[in-house]
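Let me begin by presenting the structure, written as structure tokens, before commenting on it.
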Amino acid sequence: MHLLLIKVFIGNCTDSLKKIFKEKYKEIPAIELGLSSDTFLADQITELETKTFLTNSDAHSLPKIAREYNKIQVEDISFKEFLKAIKNEDGRKIIANYGLDPKLGKYHRTYCEVCNKRIEGMLPVTRCDTCDSRNITMGVLDRIEIIKDKKETRSPEFRPSYIYQIPLSFIPGVGNKVMNKLLSNFETEMNILHKLSFDDIEAVCGEKIARNIINATERKLRDFSRTVEEFTVKFLQNSSIFILYYIKIR
């Protein structure tokens, strides 16, 4: 169950998934967080406390596969073992979720379909601050602000860690040429972001780019409000709409 699907129910039809799924709700073992949410946000809703959280990428294009992914403890690769992991059975479990900071998700904040822009107003935003239209897609953060029932986030003990990561393509200096060079040497973006040293990366793409990558991986976007500044602009095409992301690496 994806939070981007959940927001179709919560806030529009109901303030609780239990009211929609009734006795079937207990049969849902996991909630898929998506790009616009994370553990911190989802655990502001009490009824989600018993559910395992997963974060995964939609496979719309090859470069975006595994932009978000999970580390899972299983005995072998099978659906049976995966099902045990999301149910936390027999020692199988989700060890960690790796994903973007939700602020990078298109639907993190309310989006005006008339002005084609995100609305960064006081929570919750229910109309556009420019054209005053209600022709909006409400953001995950705005919707959670409406329906949350906790004053602060509290996660259950079994909750897996959520590890923030910046895709290499978001990092200053990492264009197609550098990306191809890195991947030809280290095989996967996950290896580059989580397993390599500064010296490993510097040997392939130089000191400046290596420093940018290491700074991005070490910060892990824990304080995203301080990292999102007007430093460099990345244009990401999403459904023919171009979105600006300002990213400063310190």
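The lysines whose alpha-carbon is closer than 23 Å to the alpha-carbon of K24, local same-chain residues fewer than 8 away aside, are K7, K51, K80, K84, K87, K93, K148.
A simple spin-label model places pseudo-atoms 7 Å from Cα toward Cβ; at F82 and N116 they are separated by 3.6 nm. Note on region 127-201: percent of Cα-Cα distances in each 5 Å bin, starting at 0 and stopping at the bin with the largest distance, equals 3, 10, 14, 13, 9, 9, 13, 14, 11, 4, 0. Computed from label points 7 Å out along Cα-Cβ, the spacing between V204 and N135 is 4.6 nm.
Eigen-decomposition of the gyration tensor built on the alpha-carbon atoms of region 69-138 gives equivalent ellipsoid semi-axes of 41, 11, 10 angstrom, largest listed first.
FYI, it's all coordinate maths here, none of it is from the lab. On a predicted model such as this, the values are computed, not experimentally measured, just so you know. All Cβ positions, even for glycine, are placed from backbone atoms using ideal geometry, and neighbour counts span all protein chains on display.
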